[in-house]
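**Student:** I am attaching a structure below and will ask some questions about it afterwards.
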Amino acid sequence: MIKPSERAMGVEYAIRDVVLPARELEKKGIEVIRLNIGDPGKYDFQPPEHMKEAYCRAIKEGHNYYGPSEGLPEMREAVVQREKRKNGVDITPDDVRVTTAVTEALQLLFGALLDPGDNILVPSPSYPPYTGLVKFYGGIPNEYETIEENGWQPDIDDMRKRINERTKAIAVINPNNPTGALYEKKTVKEILELAGEYDLPVISDEIYDLMTYEGKHVSPGSLTKDVPVIVMNGLSKVYFATGWRLGYFYYIDPENKLAEVREAVDKLMRIRICPSTPAQFAAIAGLTGPMDYLEEYMKKLKERRDYIYKRLTEIPGVSTQKPQGAFYIFPRIEERSKWKSDKEFVLDVLHEAHVLFVHGSGFGRAGNWHFRIVFLPPVEILEKAMDRFEEFMRKRMAE
Ligand code: PLP
C-alpha cells in the first residue's frame, strides 16, 4: 500500500463531507432538500448577461492562451476601478493579483506567510478552508472568539490574548460565512488598531461585500493608515459566477512592510502559471459593468432571509441570530439532551426529515452545537424544509 501524506489526510471539509450520507438516501429514491452548499448558481441566480457574453466572446475571439501570472493588465485595472468605487482605496494595478478565485488567494497567501509552527488568527466559527489550509501549510489556525449574542461580532479582547510571537496575520471574514455577521465600523477599527500594535497584516475576505441587508460593509482597507491590509474578493458571490473560478487580491501597504511577502507570493504565482484568461474578460465586464441585477437578487435573498429567520424563531429547541449579510443562518441547538453532538443532530435531521444542514463544529470550535443553513432556495423550498424540520423538532422534544 502506498501511503498518502499525513498533511493531505488531515484535510476535512464539513460542507461536502455530509453529502455522502445524503447521497445514500437519494440512491434509495428519497428526496433530500439540500441546504448545505453556498452556491447561488444551483438556484435562481445567474451571472449577468454582459458577463456571460464577454466570456463567450473572449473564447470565440481567441483569448485562449496563458496570460501573465499576476493577471491581465486590463483585469488589474478593472479591479482598481471597482475597489476605488467600493472602498475608496488608493491602489494601482501593480498592487493587484488575479487568482483562481479566493480559494487560491488563500493558498498563495498562507503558503507565502507560514513556516511550520506559525499561526494565523482566524475567526471561530469560520469558513473551513481557513483552518484547513493554514494546517496544510504547516501552520496553526489560532481561532478567536466571536460573540453570538452580539450578532457574532469578533471579540477583540480574545484576539489580543491569542496573539503571540509566531502570529503572522489576522484574518477577517466580513460578511461572515457561516454566521452571516456584518462587522460594525467600530469593530473593524479596533481590529486595525490591534494589528497595528502587534505589527501584523490584516487579511480581509470580502467575497460577500455587496450582499448585505440592513447595513453596509466596511472594509479595513477603507480605514487603514499604516497597517498593511490584503483584501480578497472575486466573482463567486456578488457576481454569481461560482463555477468560473476567478478572484483577486490586492495590497494596501503604505509603508511597504509586505515587500518580501509580495516577492514570495509572486514566486508561488509563477509556478502555477496563471488564472483563466477568458474568465478574466468576463470579470472585466462584471467589475466595470452595470450592477442593477444585484438589486433584484438582493430583494429575493432578503425575502428568503426574513422567511427562514421567522420560521426558526418559532421552532422549539433552537435559537438564532438574524444574519446581516451573505446567505447563511447559523442557529444554535438549545435542546441538547437527545444527541451527543451537533454532527449527530444534523445526521438525525437528515435521516428523519430528509433535510441536509451542515454541523457547526465543522466550522471550528465556536461552531459546536450549532448548524448552518443556506437560504438560497426559493421560499417554497425553504417552507417545505422548515415544515419538515419543525415536525422533526416537535417529535424529538416530545420523546
Ligand atoms: N471565502 C468565503 C468566506 C466563502 O464563504 C467562500 C465560499 O463559500 C469562499 C471564500 C470561496 O470563494 P471562491 O469561490 O472565490 O474560491
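The values are calculated or read from the model by the stated rules, or taken from the named source; none is laboratory data. The structure displayed is predicted, hence computed values, not measured ones. Cβ placement follows ideal geometry from the backbone for every residue including glycine, while neighbour counts extend to all protein chains displayed. These accessible areas exclude ligands, DNA and RNA; they are computed on the full protein's heavy atoms, side chains included. Shrake-Rupley method; radii C 1.70, N 1.55, O 1.52, S 1.80 Å.
**Student:** Loop-only GluC sites (Glu not before Pro) in region 223-312, please: DSSP not H, G, I, E or B, and at most 12 other Cβ atoms within 10 Å.
**Tutor:** Taking region 223-312 and a limit of 12 other Cβ atoms within 10 Å, the loop GluC sites (Glu not before Pro) found are GLU255.
**Student:** Relative contact order of the chain: what whole-number percent is it, with Cα pairs under 8 angstrom and at least 6 residues apart?
**Tutor:** 23 percent
**Student:** Right, another one. If I model a spin label as a point 7 Å beyond the Cα along the Cα-Cβ vector, how far apart are those points for GLU61 and LYS338 in nm?
**Tutor:** It works out to 5.8 nm between the two label points.
**Student:** For the pair GLU296/ARG166, report the inter-label distance in nm, with labels modelled 7 Å from Cα in the Cβ direction.
**Tutor:** 5.2 nm
**Student:** Then there's this: Nearest 0.05, what FRET efficiency do GLU24 and ASP387 give at R0 = 22 Å with Cβ-Cβ as r?
**Tutor:** Between GLU24 and ASP387 the formula returns 0.40.
**Student:** Then there's this: How far, in nm, would the chain grow between ARG85 and GLU380 when pulled straight, counting 0.36 nm per residue and subtracting the alpha carbon separation?
**Tutor:** Length gained, ARG85 through GLU380: 102.5 nm.
**Student:** Right, here's the next one. Between GLU255 and ASP158, what FRET efficiency follows from the Cβ-Cβ distance if R0 is 41 Å, with the result rounded to 0.05?
**Tutor:** 0.90
**Student:** Per 0.36 nm of contour for each residue apart, how much would the distance between ASP306 and ALA264 grow if the chain were fully extended, relative to their Cα-Cα spacing?
**Tutor:** That works out to 10.6 nm of additional length.
**Student:** Excluding ligands, DNA and RNA, what is the solvent-accessible area per residue of the chain at a probe of 1.4 Å, expressed in Å²?
**Tutor:** 43 Å²
**Student:** Calculate the spin-label point distance for LYS322 paired with LYS3, positioning each point 7 Å from the Cα along the beta-carbon direction, and give it in nanometres.
**Tutor:** 5.5 nm
**Student:** How far, in nm, would the chain grow between ILE273 and ARG16 when pulled straight, counting 0.36 nm per residue and subtracting the alpha carbon separation?
**Tutor:** 89.7 nm
**Student:** In region 48-116, carbon and sulfur make up what percent of the accessible area (probe 1.4 Å)?
**Tutor:** Of all accessible area on region 48-116, carbon and sulfur atoms account for 50 percent.
**Student:** Sticking with this structure for a sec: To check you understand DSSP bridge types, tell me what percent of the beta bridges within the chain (both residues inside) are antiparallel, rounded to 5.
**Tutor:** Roughly 50 percent of the DSSP beta bridges within the chain come out antiparallel.
**Student:** With all protein chains present, how much of the accessible area of region 128-241 (probe radius 1.4 Å) comes from carbon and sulfur, to the nearest whole percent?
**Tutor:** Carbon and sulfur: 48 percent of the exposed surface of region 128-241.
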